[in-house]
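The values are calculated or read from the model by the stated rules, or taken from the named source; none is laboratory data. Model, not experiment: these values are computed from the prediction. Note: ideal-geometry Cβ built from the backbone for every residue, glycine included; neighbour counts use all protein chains shown. All accessible areas refer to the heavy atoms of the entire protein, side chains included, with ligands and DNA or RNA removed. Shrake-Rupley method; radii C 1.70, N 1.55, O 1.52, S 1.80 Å.
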Amino acid sequence: MRKELTRKDSAPGKRVELHLHTKMSALDGLVDVERLFEVLKTWGHNAVAVTDHGVVHAFPEFAEVAEKVGIKPIFGMEAYMMNDVDPVVFNLKEGDRVIDDIEFVVFDTETTGLNPDSDEILEIAAVKIRGGEKLGEFHSFIKPRKPVDISIRKIVGLTDDEMNEAPGIEESLPRFLEFCEGAVLVGHNAAFEHRFLHRWAQELLGKDWQPTYIDTMALSRFLLESRRRSLREIVSYLDLDVPDHDKGILTVRMTEAIFRELVKLMKKRRIKTIGDVERLRKITSERKQHPLHHVSILVTNSTGLRNLYKLVSLSHTDYLNKKAIVPKSVLSDMREGLLIGSACISGELSEAYLTGSSETKLKEIAEFYDYIEIMPVDAVEHFESSDDERREELAEMYRVFYRIASRLGIPAVMTGDVHFIELQDSVSRAVIAALYGYDRFDKQPGIYLRTTDEMLEAAMEIFNDEEIAEEVTVINSRSLSDKIEKLDLFSPCFDEREIRDIEAEIKEFTEVDARRYLEERFGEENVFRGGQMITLGSKDAHMSVKNYMDKKGVKLKGAEIQRLSEAVQGTRKAIRGYPGAFVVVPKGRDIHEFTPVQFSPTRSSPDHKITHLPHKALKDALIVVKHI
């Protein structure tokens with residue numbers, strides 16, 4: 001009982017939706033794949049992404065329907081990312097060096113902005129220490145090559161005379177690098193400082209400057225187990241007395257005082273070498289239950305597809321803990337062929353902003369991503385504040401994100417966090433939310449599929465600037481889409497006759513013996529139980545609508561009950577092993593060329609791994625043997 005499509009996309013340049021949830025986002029997304037492509041074809045869109053929560057079950061159908069209508073499918077996932085990184089020691093080379101014997105250079109820079117590629121260094125300050133002894137100081141203002149805004153000069157405390165009389169970067173930087181020779185550097189948010197110094201060392205000296213350095217922000221979080229981030233907060237927390245008579249080197253004095261206190265704490269914890277710092281941090285990190293954040297992942301090529309499949313497998317096996325978790329360190333190691341996006345209001349960038357992080361910290365977080373997502377302000381779950389306050393708070397957050405993305409040279413792009421196609425379909429999602437027992441099940445955000453004009457209007461509410469709205473809605477979404485290759489999910493490995501011969505051989509075997517035979521022939525690591533999708537059937541769908549009516553205290557007409565039942569029918573509940581179906585990978589091939597794997601919902605041992613994609617979807621690519 002589908003209604004005719006009333007909305008049209010009349011924009012001359014069409015946007016690309018890069019954040020969308022199908023019915024395979026477990027009892028959450030309600031986008032019907034066939035209907036999606038029917039709508040997009042009518043609107044004239046040429047590509048669309050699928051980013052279901054923690055799974056890639058929709059890939060086969062998504063690819064098949066996209067091929068029929070001639071629209072490029074972009075494969076992706078919205079993962080549950082655990083931040084297990086935040087290293088303390090960077091570029092660690094000689095981990096056995098004893099802390100008391102090391103020369104440390106505590107340093108700080110002041111810059112004209114946040115982007116190392118376009119902004120300049122205005123000041124470098126440093127103190128060299130070893131043990132309890134101070135060995136020397138370095139301080140230099142630097143004359144910029146381009147005019148500097150007066151507001152930046154005031155922040156740095158740089159007068160016109162000081163700026164005009166200061167040496168250039170080509171003179172100051174070599175002297176600073178010589179001052180640091182053989183030392184371990186120490187800085188607060190040191191990665192930011194290093195990026196600027198590295199860039200200028202490379203440009204001026206042709207030098208890939210990669211010293212070992214320690215970040216006191218990360219070290220204080222590790223040793224103090226405190227959420228305090230700024231220098232002044234940590235100085236206050238540690239009750240340190242730092243003289244402030246020398247403004248030019250004050251930040252270094254504060255960092256030095258903090259580092260000396262942290263060294264005392266390291267000694268109490270029997271940390272003797274800088275290698276011990278990282279070893280203990282990793283052990284501590286593994287024991288902690290880190291908060292989870294949403295992160296968008298898009299596949300750009302076949303390497304990326306295999307890496308995504310590996311991430312899905314790891315998240316559903318090694319890192320499975322109620323949710324399928326992707327550690328940030330693992331994602332970092334396997335991001336080749338992938339584009340990483342900042343996701344929705346549940347992403348780490350949004351959470352950092354809403355919990356009061358500084359713009360410097362937001363910039364540090366944003367650097368991890370390949371694109372920054374900006375969403376319509378009504379596409380966010382209900383806030384307790386009034387609508388006007390909520391909308392303006394979110395609009396300001398996205399304006400900050402856009403400013404940071406522009407400075408970093410990262411594209412900001414409007415995405416819809418699409419969970420249903422039409423705005424009126426929000427009632428269908430409320431049915432599912434009521435089934436889960438959410439208190440505010442009937443307060444659904446505007447997470448519907450928007451035309452280009454509708455998304456441009458949403459961007460204008462945030463930016464009130466037509467040029468920016470066009471950039472984030474159309475230009476950047478199409479640019480990202482253009483970076484992504486059109487992929488074939490499967491390439492056949494076997495002919496039908498060989499499969500039938502194998503089935504004939506194992507026909508009289510027990511299921512256990514059939515598996516043992518296949519493992520002996522193809523290798524234990526190449527045999528998996530075939531997966532089978534469990535979705536909401538017609539009876540369950542009808543009962544879920546009844547449940548919604550009871551909780552809301554309303555009576556619906558039979559036609560509306562039927563419409564809602566059909567809308568929620570087919571949403572994923574789980575995947576399980578299909579009895580008697582084995583998926584076999586040929587020797588010399590990797591299962592992740594074809595599908596991720598996972599534990600069966602009721603089992604969690606290597607013997608009970610099943611294919612993440614349904615075995616029926618794999619029948620043309622792998623040996624899918626049915627034991628009857």
Taking a probe of 1.4 Å, how large is the accessible area per residue of the stretch 1-75, in Å²? 37
Note down the accessible area of residue 302, probe 1.4 Å, to the nearest 10 Å². 80
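Could you calculate the contour length gain from residue 555 to residue 524, that is, 0.36 nm times the residue separation minus the distance between their Cα atoms, to one decimal place in nm?
5.6 nm
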Segment residue 205-residue 393, extension gain: residue separation times 0.36 nm, minus the distance between their alpha carbons: 63.2 nm
Say R0 is 41 Å: what FRET efficiency, to the nearest 0.05, do residue 159 and residue 100 get from their beta-carbon distance? 0.50
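Carbon and sulfur atoms: what percent of the 1.4 Å accessible area of the stretch 296-430 do they account for?
Result for the stretch 296-430: 45 percent of the exposed heavy-atom area is carbon or sulfur.
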Specify the inter-centroid distance of the stretch 506-581 and the stretch 372-445, based on alpha-carbon positions, in whole Å. 30
Using the Cβ atoms and a cut-off under 10 Å, what net charge is assigned to the surroundings of residue 130, where Lys and Arg are +1 and Asp and Glu are -1? -2
What figure in square angstrom, to the nearest 10, would you give for the accessible area of residue 338 with a 1.4 Å probe? 10
Mind pulling the angle between the C-alpha long axis of helix 511-522 and the longest principal axis of the chain? Nearest 10 degrees, somewhere in 0 to 90. 60
Take residue 562 and residue 260, extend 7 Å from each Cα along the Cα→Cβ direction, and tell me the distance between the two endpoints in nm. 8.2
For the stretch 400-556, report the accessible area per residue in Å² (1.4 Å probe, heavy atoms, rounded to an integer). 51
Along the Cα→Cβ direction, 7 angstrom out, place labels at residue 491 and residue 320. What is the inter-label distance in nm? 3.0
Tell me, what % of the accessible area of the stretch 178-227 is carbon and sulfur with a 1.4 angstrom probe? 44
For residue 224 and residue 511, calculate 0.36 nm times their separation in residues minus their Cα-Cα distance, and state this gained length in nm to one decimal. 97.8 nm
Residues of the stretch 268-382: accessible area per residue with a 1.4 Å probe, Å²: 42
Kindly list the residues of the stretch 354-375 that lie in the label zone of residue 301, defined by a backbone N under 16 Å from the point 7 Å along the Cα-to-C-beta vector. none
Candidates for volume of the Cα convex hull per residue in Å³ are (i) 193; (ii) 171; (iii) 139, and the calculated one carries label (i)
Explain nothing, just the number: dipole magnitude of the chain about its Cα centre with +1 on each Lys and Arg Cβ and -1 on each Asp and Glu Cβ, in debye rounded to the nearest 20. 2220
Could you rank 36, 5 by how accessible they are, 1.4 Å probe, largest area first? 5, 36
If you roll a 1.4 angstrom probe over the protein chains with everything in place, what fraction of the accessible area of the stretch 518-628 belongs to carbon and sulfur, to the nearest %? 49
With every protein chain kept in place and a 1.4 Å probe, the residues 344, 493 fall, from largest accessible area down, as 493, 344
Of 545, 327, 409, which is farthest on the positive side of the dipole of the chain, counting Cα position, with +1 on Lys and Arg Cβ, -1 on Asp and Glu Cβ, and the Cα centre as origin? 545
Theoretical ellipticity at 222 nm over the chain - DSSP helices of four or more residues, -39500 (n - 2.57) apiece, nearest 500: -12000 deg cm²/dmol
Let me check something: with ligands and nucleic acids excluded, how do 616, 486 order by accessible area (1.4 Å probe), largest to smallest? 616, 486
